[in-house]
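Student: Submitted below is the structure of interest, expressed as structure tokens.
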Amino acid sequence: MDNQLYPYSPIVDRPPLSWPNGKRLAFYVGLNVEHYEVDKPSTSITPATAALVPDPLNYGWRDYGPRVGIWRMMDSLDRLGLRASVLLNSDVCDRYPQIIDAGRQRDWCWLAHGQNNSTFPALMSRDDEVAALTAMMTSIERATGTRPRGWMGPALNASFSTPELLADLGVDYILDWCADDQPWPMRVPNGKMIGLPYSIEINDITLFVNHSFTGPDFEQMLIDQFERLYAESESSGRVMAVAVHPFVVGQPFRMKYLERALERIVAYQDVWLPTTDEIAAWYYEHGYEAAVGRLAVA
């Protein structure tokens, strides 16, 4: 079947995209703050014990994130003046309230990221997904004081109905479909929806866990990605995301490589350092959604 969620739109055919104050490239840190259920398999550093219940090896590795890694990452982001765009499991709100409090103090941006990273929307019926999404939004709004306007599914998982159901709940951008270097319009029956660039490849799980890259490899890939997008952004704005997890890049021996890449990026005066909420707001407020949407169906 053809993809009905968004139309084909070649980047070379779109009107030039401009960011605030003449900035060329929008760069954000997508910080995954997650909860994993102890009796279900999930992201693992080794498959050897992943099917066991309990699985201290893999669960403990993941649990390092909220216990230690997140605090190390906060220190680095603070020093660099970066506000995180947080992909937040709603279970975090009850289980790790200290993280929510620290994020609120830093004015972080909160996106809904499922209930936890052990439960996936594509496996639910439509009615169950409606109930689950509604509960997630309510829980995050209650804890953070902000109703999420953005979404990324756990493991970027979604059903074909997810964008429509999210739009009904007031969400107006999603990160699940990593198909572009600019925001792009998506089709929903009611409300509005755009996709925002995220990254499967400039992503610490992909690089460190799936492909066994080293810290220097990660640093160089971030710089390579940035330099190419920065060059292309001379004629039309681009978005770059770095996707990070506190239990992966938050390990002591990896942090300096992320920090060194971020230090280089934030030193550019014509790089915009927004949250994903700010990217979406600018895109909508300046009419790009409508302009690109008209071109895509012309």
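The values are calculated or read from the model by the stated rules, or taken from the named source; none is laboratory data. Everything numeric in this text was worked out from a predicted model, so none of it was measured. Cβ placement follows ideal geometry from the backbone for every residue including glycine, while neighbour counts extend to all protein chains displayed.
Student: Please go through the stretch 16-36 and give me each residue that is in contact with a Ser or Thr (Cβ under 8 Å, 6 or more places away or on another chain) and either surrounded by fewer than 11 Cβ atoms within 10 Å (Cβ to Cβ) or at pLDDT below 95 (or both), ordered by number.
Tutor: 16
Residue-by-condition table, conditions (1) outside any loop (DSSP other than H, G, I, E, B); (2) in contact with a Pro (Cβ under 9 Å, 6 or more places away or on another chain):
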{"residue": "216", "(1), (2)": "yes, no"}
{"residue": "222", "(1), (2)": "yes, no"}
{"residue": "226", "(1), (2)": "yes, no"}
{"residue": "249", "(1), (2)": "no, no"}
{"residue": "255", "(1), (2)": "yes, no"}
{"residue": "259", "(1), (2)": "yes, no"}
{"residue": "263", "(1), (2)": "yes, no"}
{"residue": "292", "(1), (2)": "yes, yes"}
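Student: Taking the conditions exactly as written (in contact (Cβ under 8 Å) with a residue 40 or more places away in the chain and either closer than 30 Å to residue 287 by Cα or not polar (S, T, N, Q) (or both)), does residue 215 satisfy them or not? Full working, then the answer.
Tutor: Numbers: in contact (Cβ under 8 Å) with a residue 40 or more places away in the chain: yes; either closer than 30 Å to residue 287 by Cα or not polar (S, T, N, Q) (or both): yes.
Yes; evaluated as a whole, the condition is true for this residue.
Student: Looking only at the stretch 151-189, which residues are of a type in the set (Ser, Thr, Tyr) and assigned to a loop (DSSP other than H, G, I, E, B)? Steps first, answer last, please.
Tutor: Here is the first cut: in the stretch 151-189, the ones of a type in the set (Ser, Thr, Tyr) are 159, 161-162, 173.
Within the stretch 151-189, 159, 161 meet the criteria.
Student: Give the stretch 139-163 a look and list any residue that's surrounded by fewer than 19 Cβ atoms within 10 Å (Cβ to Cβ), within 20 Å of the chain's Cα centre (by Cα) and more than 23 Å from residue 189 (Cβ to Cβ), or say none.
Tutor: Answer for the stretch 139-163, where residues must be surrounded by fewer than 19 Cβ atoms within 10 Å (Cβ to Cβ), within 20 Å of the chain's Cα centre (by Cα) and more than 23 Å from residue 189 (Cβ to Cβ): 141, 145, 146, 155.
Student: Pull up the stretch 105-138, narrow it to residues that are touching a Lys or Arg at 6+ places or on another chain (Cβ under 7 Å) and within 15 Å of residue 171 (Cβ to Cβ), then point me to the one that is surrounded by the fewest Cβ atoms within 10 Å (Cβ to Cβ).
Tutor: Taking the stretch 105-138 as the starting set, the residues that turn out to be touching a Lys or Arg at 6+ places or on another chain (Cβ under 7 Å) are 106-109, 118, 137.
Okay, now just the ones that are also within 15 Å of residue 171 (Cβ to Cβ), so 109, 137.
Values: 109: 25, 137: 19.
By that ranking, first place goes to 137.
Student: For the stretch 18-59, how many residues meet the condition of being of a type in the set (Phe, Trp, Tyr) and outside any loop (DSSP other than H, G, I, E, B)? Talk me through it step by step, then tell me what you get.
Tutor: Step one: of the stretch 18-59, the residues of a type in the set (Phe, Trp, Tyr) are 19, 27-28, 36, 59.
Those left that are additionally outside any loop (DSSP other than H, G, I, E, B): 27-28, 59.
So the answer is 3.
Student: Condition (residue is surrounded by fewer than 18 Cβ atoms within 10 Å (Cβ to Cβ), closer than 30 Å to residue 59 by Cα, in contact with an Asp or Glu (Cβ under 8 Å, 6 or more places away or on another chain) and in contact (Cβ under 8 Å) with a residue 24 or more places away in the chain) applied to the stretch 248-255: is it met by at least one residue?
Tutor: No, the stretch 248-255 contains no residue that is surrounded by fewer than 18 Cβ atoms within 10 Å (Cβ to Cβ), closer than 30 Å to residue 59 by Cα, in contact with an Asp or Glu (Cβ under 8 Å, 6 or more places away or on another chain) and in contact (Cβ under 8 Å) with a residue 24 or more places away in the chain.
Student: Could you check residue 62 against (1) of a type outside the set (Asp, Glu); (2) outside any loop (DSSP other than H, G, I, E, B); (3) within 24 Å of residue 146 (Cα to Cα) and say which number it fails?
Tutor: Every condition holds for residue 62 apart from (3).
Student: A further question follows. Which of (1) part of a loop (DSSP other than H, G, I, E, B); (2) modelled with pLDDT of 95 or more; (3) of a type in the set (S, T, N, Q) does residue 76 not meet, given it meets every other one?
Tutor: That leaves (1) as the condition not met.
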